[in-house]
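A short write-up of the structure that comes next.
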Amino acid sequence: MKPAKLLKTIAFYALVLVIVVFAVFPFYYAILSSLRTSSELFEIAYWPKNFNLENYVAVFREQPFARNLLNSIVVAVAVVAISLFLGLTAAYALGRINFRGRGALLLTILAVSMFPQVAVLSGMFELIRFFGLYNSLPGLVLSNLILTLPFTVWVLTTFMRELPKELEEAAFVDGATPWIVVRRVFLPLMWPALVTTGLLAFIAAWNEFLFALTFTLSNDMRTVPVAIALITGASQHELPWGNIMAASVIVTVPLVVLVLIFQRKIVSGLTAGAVKG
Amino acid sequence: MSGRSALTRARVRAAWQFLTPMLVVLVLVAGWPLFRTIYFSLTDANLSDLSATKFIGLENYLANYDGEWSGLLADEYWWRAVRNTIGFTLVSCSLETLLGFIVALVLNADFKGRGLVRAAVLVPWAIPTIVSAKMWGWMLHDQFGIINDLFMRIGLISAPIAWTANPDIAIWAVILVDVWKTTPFMALLILAGLQMLPGDIYEAARIDGVSPIRVFFKVTLPLVWPAVMVAVIFRALDAMRIFDLIYVLTSNTRETASMSIYARQQLVDFQQVGMGSAASTLLFLVIAVFTIIAITVGKVKLGQEG
């Protein structure tokens, strides 16, 4: 290898190293901190020394963290199920059938996905109180739909449109109703798209903070992000960082695993939503 | 002939049947609450009892009693929130685009371990915002934070810095965490754009001996620019709504508030639904205008035909 080329290769791998360290270090450091006792935390360490699980025990003992996890799972699963069902049926209409007003409708749906959450906050507060859903999980499911439904419809429509036109023609000639066509013809073909969109919707609902913070009151109705944000110690200056890091690691590991397993699908989902948009 | 149009009519009817449930939900969770927020912004609504509200016109926005201006547009903290939001959006989006480009170009190159690097880059994206805020909050801790320790070891600073407590510095901490969290998203979108480029142009450029830097500015950049612009617009719209990161990372004072934080403070902490709704409505209008410009300029494809 020529010196100039060698230098280039070294510079390139140095850049790669910087990117990887910058990307991964905070997560590594959170894991490291979560495994140290509260007195050890006052000394800064860059490498793991001994492993101590006391923070993981404490986070479940000192607050209803198991309940918070369950809340998050229930809310996210319900939001995903509702969004996918409504999204799939709507995407069939928007992606396969020509009707007047389709363009305007798609535009409106895209516009809704741009809504700042806070713009609907007071109206949503009133709505949730009206239905008697304040401080309850159904209230969070309802409000989360504004985040997930527009992009679910949008991405599924994009996928649906790319399927060959002949697909449903044959079924229609045989006298199938649109509902049967969606279930028998499109549902099996849409599985990859549904997994991708479902995963993105799950992440959105799992991470949602503003509604969960505003529409819940008691500790046992909170979802994980709110619970973590509101972990407090004896005083404001004595936050139990060990517990916070342990809780952070617990909620992040499943997400990181999911994202790494489905990374190709997620990338295709994101690009379908944004680039092709 | 008539059978065909009957079939078409049946399908259009089916389309609306399929759309109705989704549209009902969308009106319920988006249209109606937005309408009510705008309505509340014209009233003196209070959170403790929303039914006892009185229409007061535009007084939440701007009012004048005995020569004294009041309302949102006369509140210096509102303007501070506007400045914070716009400044944050401009700086973080520029940095994310620039760094996203670098990461995308690296990931587009052919090298050993590319899959691993791509996976590593996705990690920040997968971490919930609240968790990132807490992780960085701990790393930026003024006494026991690793960042202060690291910077002091390499001689960058001589005394620990209160990254998140000092409002002037806190906004930069917010930008740092946002850049860390969102650059992967930008990088992946730009990478998708890069991978759609035809390879033969590069082959031709290589044979002609054009320098790689020239190829980047003359060929790559103009070709991926449309895809990049769409990504930047999406990102900017998202940045203007920022709430979680500031709420958790900074000490959440009026000095570091974004427009969303200001609105929620009025709404929940001060129970002033009228004022809070006015702030929300203004943020909505700003984003709406920006979106309309973006969609018009970006020529987003809407139907197969049009």
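The values are calculated or read from the model by the stated rules, or taken from the named source; none is laboratory data. Worth saying up front: this structure is predicted, and the values here are computed from it rather than measured. Don't worry about glycine lacking a Cβ; one is built from the backbone with ideal geometry, like all the others, and counts go over all protein chains shown. With ligands, DNA and RNA removed, areas are computed over all heavy atoms of the protein, side chains included. Shrake-Rupley method; radii C 1.70, N 1.55, O 1.52, S 1.80 Å.
List of remarks:
- Considering (1) open to solvent by less than 10 Å² (accessible area, probe 1.4 Å); (2) farther than 30 Å from B:Ala52 by Cβ, the lone condition that B:Ala278 does not fulfil carries the number (2).
- Taken as a whole, the condition of being within 10 Å of chain B (Cβ to nearest Cβ), surrounded by 21 or more Cβ atoms within 10 Å (Cβ to Cβ) and under 30 Å from B:Ala6 (Cβ atoms) does not apply to A:Glu208.
- Qualifying residue in region A:63-85 (condition: of a type outside the set (S, T, N, Q) and over 30 Å from A:Leu194 (Cβ atoms)): yes
- Total residues in region B:243-283, condition part of a loop (DSSP other than H, G, I, E, B) and out of contact with any helix residue (DSSP H, G or I) (no Cβ under 6 Å at 6 or more places or on another chain): 5
- Checking each residue in region B:178-208 for being open to solvent by 80 Å² or more (accessible area, probe 1.4 Å) and in a helix (DSSP H, G or I) picks out B:Gln195, B:Asp200, B:Glu203, B:Arg206, B:Ile207.
- Of the residues contained in region A:55-62, none is found to be within 10 Å of chain B (Cβ to nearest Cβ) and either free of Cβ contacts under 8 Å to residues at least 24 places away in the same chain or under 22 Å from the mean Cα position of the chain (by Cα) (or both).
- Residue within region B:98-112 that is basic (Lys, Arg), in the same structural domain as B:Thr253 (by TED's automatic domain parsing) and outside any helix (DSSP H, G or I) present: yes
- Here the condition is being open to solvent by less than 50 Å² (accessible area, probe 1.4 Å), touching a Leu at 6+ places or on another chain (Cβ under 7 Å), in the same structural domain as A:Asn207 (by TED's automatic domain parsing) and closer than 30 Å to B:Ala10 by Cα; of A:Leu149, A:Leu133, it holds for A:Leu149 alone.
- Restricting A:Arg161, A:Arg183 to residues that are of a type outside the set (A, V, I, L, M) and in contact (Cβ under 8 Å) with a residue 24 or more places away in the chain narrows the list to A:Arg161.
- Scan region A:19-49 for residues that are more than 10 Å from chain B (Cβ to nearest Cβ), among the hydrophobic types (A, V, I, L, M, F, W, C) and open to solvent by 70 Å² or more (accessible area, probe 1.4 Å) and the total you get is 1.
- Count of residues meeting criterion [among the basic types (Lys, Arg) and within 20 Å of B:Ile38 (Cα to Cα)] in region A:95-134: 1
- Scope region B:141-164; condition among the hydrophobic types (A, V, I, L, M, F, W, C), closer than 21 Å to A:Ala30 by Cα and part of a loop (DSSP other than H, G, I, E, B); matching residues: B:Phe144, B:Ile161, B:Ala162, B:Trp163
- Residue match in region B:249-267 (condition: more than 7 Å from chain A (Cβ to nearest Cβ), within 30 Å of B:Ala162 (Cα to Cα), of a type in the set (Gly, Ala, Ser) and open to solvent by less than 10 Å² (accessible area, probe 1.4 Å)): yes
- Selected residue (criterion: farthest from the other protein chains (Cβ to nearest Cβ)) from residues of region A:80-130 that are crowded, with 19+ Cβ neighbours inside 10 Å and basic (Lys, Arg): A:Arg96
- Any hit, region A:261-269, residues being in contact with a helix residue (DSSP H, G or I) (Cβ under 9 Å, 6 or more places away or on another chain), at pLDDT below 85, more than 10 Å from chain B (Cβ to nearest Cβ) and surrounded by 21 or more Cβ atoms within 10 Å (Cβ to Cβ): yes
- Hey, A:Leu217 open to solvent by 30 Å² or more (accessible area, probe 1.4 Å), within 12 Å of chain B (Cβ to nearest Cβ) and closer than 20 Å to A:Phe65 by Cα or not: yes
- With respect to the conditions (1) open to solvent by 50 Å² or more (accessible area, probe 1.4 Å); (2) more than 25 Å from A:Asn144 (Cβ to Cβ); (3) of a type in the set (A, V, I, L, M); (4) touching a helix residue (DSSP H, G or I) at 6+ places or on another chain (Cβ under 9 Å), A:Val77 falls short on a single one, namely (2).
- Conditions (1) modelled with pLDDT under 90; (2) at the interface with chain B (Cβ under 10 Å from one of its Cβ atoms); (3) assigned to a helix (DSSP H, G or I); number of the one not met by A:Leu147: (1)
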